[in-house]
1. Could you identify the single residue in 29, 25, 75 that is touching a Leu at 6+ places or on another chain (Cβ under 8 Å) and either assigned to a helix (DSSP H, G or I) or modelled with pLDDT of 90 or more (or both)?
2. If you go through region 39-80, how many residues are loosely packed, with under 10 Cβ neighbours inside 10 Å and of a type in the set (Ser, Thr, Tyr)?
3. When you scan region 39-78, how many residues do you find that are within 11 Å of the chain's Cα centre (by Cα) and of a type in the set (Asp, Glu)?
4. Is one or more of the residues making up region 14-22 acidic (Asp, Glu), at pLDDT below 85 and in a helix (DSSP H, G or I)?
Amino acid sequence: MPQELNRDQAEEKDSRNGLQNPQRMATEMAKAFQELAKGEQTASALEKQLDGIEGRIDELLAAAEEAEREANQRMKDRDTEKEPS
């Protein structure tokens with residue numbers, strides 16, 4: 001248990017030293033902003049890919065709906081041909 005307490009105390013001390021050291025704080029903030037920028041780039045790339053997928057899904061749905069309309073029309077035409085005149 002005392003070893004854990006010492007580790008916690010050491011982490012707290014490091015944390016306080018980081019806040020008191022402007023250069024370290026600036027470095028940590030720069031890293032955070034770089035990671036944030038990288039995350040935003042990743043999010044933008046994923047959004048672009050999802051937009052492409054959504055567009056392709058819309059195309060497939062439109063094609064399926066058109067095929068269904070054509071099939072329904074063919075069935076209607078066959079039924080009309082079979083009706084006695």
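1. Working: 29 fails: touching a Leu at 6+ places or on another chain (Cβ under 8 Å); 75 fails: touching a Leu at 6+ places or on another chain (Cβ under 8 Å).
That would be 25, the only listed residue that is touching a Leu at 6+ places or on another chain (Cβ under 8 Å) and either assigned to a helix (DSSP H, G or I) or modelled with pLDDT of 90 or more (or both).
2. 1
3. Count: 3.
4. Taking region 14-22 and keeping what is acidic (Asp, Glu), we get 14.
Still in the running and at pLDDT below 85: 14.
Imposing the further condition that a residue be in a helix (DSSP H, G or I) reduces the set to 14.
Scanning region 14-22 turns up at least one residue that is acidic (Asp, Glu), at pLDDT below 85 and in a helix (DSSP H, G or I).
The values are calculated or read from the model by the stated rules, or taken from the named source; none is laboratory data. Because the structure is predicted, anything quoted here is derived from the model rather than measured. Every residue, glycine as well, gets a Cβ built from its backbone with ideal geometry; the counts of neighbours run over all protein chains shown.
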